[in-house]
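Please read the structure below before turning to the comments.
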Amino acid sequence: MQIPVLYARFQSQAWANNQSIDLESAGFDAGKAFLLLDARQMNAAARSIIDGNTHNLDPLAEKQGLVGGEGRHNGPFYVEVDPVNFENWCAILGTTPAALSTIEMAGLSKLRESVGMRADGVERLMTGTVVDWRVPDGEADDLSDLQKATWPVEIVKSGYDGLILEFKAPDGTQRQLMIEVEKGNLKILTYRDGELSEQPDCAIHLLPEGTAVMSTTTLETGYVLFH
């Protein structure tokens with residue numbers, strides 16, 4: 001099932017004489033943004049909609065990318081969601097506004113998965129697979145069956161507006177690449193399976209004058225480790 005449309009209205013405002021005045025308003029689909037809220041935020045947002053107020057709906061605009069940052073509104077604002085529209089949206093998802101006002105993380109995870117989202121709420125941008133280059137080139141005779149197997153890949157948004165590439169190896173372990181922009185340069189952090197370490201093994205900075213690699217990991221392989 002796809003995420004149903006949840007119509008919301010974004011009302012931008014500005015300060016004048018110590019009061020906020022309404023500027024332009026625009027409608028937007030808040031369905032995905034609502035499901036990206038954590039359980040506590042969703043509880044509060046659902047209660048606000050049920051009560052017919054806007055007190056706890058600001059995170060919808062934030063998740064939608066309507067506020068903060070270049071080219072976005074920077075100032076006071078509020079978000080409105082019609083209670084009847086919200087009730088209909090909940091019904092399509094097989095739930096109710098009252099249920100979302102008390103939902104816990106386990107229930108929220110199931111709700112996200114029912115519409116194809118990740119249970120953890122991380123925004124999935126793309127899925128695919130990769131495989132050893134020798135396989136498509138027809139040079140895989142010296143590879144084991146495990147080495148010939150494909151690796152599922154997900155590309156998701158990171159919490160710092162970067163990207164995370166998540167690879168699942170055929171043996172069930174995971175690898176990650178976190179890509180961020182830092183001070184005008186590209187930074188790549190490498191991670192092994194979370195069961196082994198929660199810290200990156202290596203930081204790669206792609207600079208105009210070259211590539212800097214910093215690592216605290218000692219490799220017991222034939223690969224060269226650059227510091």
Checklist outcome for this item: Taking N as the residue count of the stretch 124-215, its alpha carbon Rg divided by 2.2 N^0.38 Å gives 1.24
Next on the checklist: Counting only other residues whose beta carbon sits under 15 Å from that of Ile49, what net charge do I get with K and R as +1, D and E as -1?
Outcome noted: -3
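Where nothing but the Cβ of Lys and Arg (+1) and of Asp and Glu (-1) is charged, how large is the charge dipole of the stretch 60-157 around its Cα centre, in debye to the nearest 20?
Using only the charged Cβ atoms, the result is roughly 360 debye.
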Checklist entry - Picking from Leu146, Leu186, Leu36, which is most flexible by a Gaussian network model of the chain using Cα springs under 10 Å? => result Leu146
Item to check | Label-point gap, in nm, between Asp22 and Trp151 - each point 7 angstrom along Cα→Cβ | outcome: 5.3 nm
Item to check | Under 15 Å from Lys148, Cα to Cα: aspartates and glutamates that are on another chain or at least 8 residues apart | outcome: Asp132, Asp137, Glu139, Asp171
Checklist entry - Which whole-number percent is the relative contact order of the stretch 7-114 (Cα, under 8 Å, 6+ apart)? => result 32 percent
Checklist entry - Say the cut-off is 21 Å between C-alpha atoms; which of Lys157/Lys183; Lys32/Lys187; Lys32/Lys110; Lys63/Lys187; Lys63/Lys157 go over it? => result Lys32/Lys187; Lys63/Lys187
Checklist entry - Fully extended, how many nm does the chain gain between Leu165 and Arg9 (0.36 nm per residue separation, minus their Cα-Cα distance)? => result 52.8 nm
Item to check | Environment charge of Met117, counting only residues whose C-beta is closer than 14 Å and scoring Lys/Arg +1, Asp/Glu -1 | outcome: +2
Item to check | Orientation-averaged projected area, Cα convex hull of the stretch 7-114 (nm²) | outcome: 7.1 nm²
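Let's test the formula: R0 of 41 Å, r as the Cβ-Cβ distance of Met1 and His205. What FRET efficiency results, to the nearest 0.05?
Efficiency for this residue pair is about 0.45.
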Item to check | Under the Debye formula (equal points on every Cα, no solvent term), log10 I(q)/I(0) of the chain at q = 0.14, 0.17, 0.18 Å⁻¹ | outcome: -1.02, -1.22, -1.30
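Just the number, please: Stokes-Einstein D of the stretch 88-162 in µm²/s, Kirkwood Rh from C-alpha pairs, 20 °C, 1.002 mPa s.
136 µm²/s
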Checklist entry - Gain in length, Arg175 to Arg118, computed as 0.36 nm per residue apart minus the alpha-carbon separation, to one decimal in nm? => result 18.8 nm
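No value in this document is a laboratory result; all are computed from the given coordinates. Everything numeric here is computed off the predicted structure, so don't read it as measured data. Positions of Cβ are generated from backbone atoms using ideal geometry, with glycine treated the same way; all protein chains shown enter the neighbour counts.
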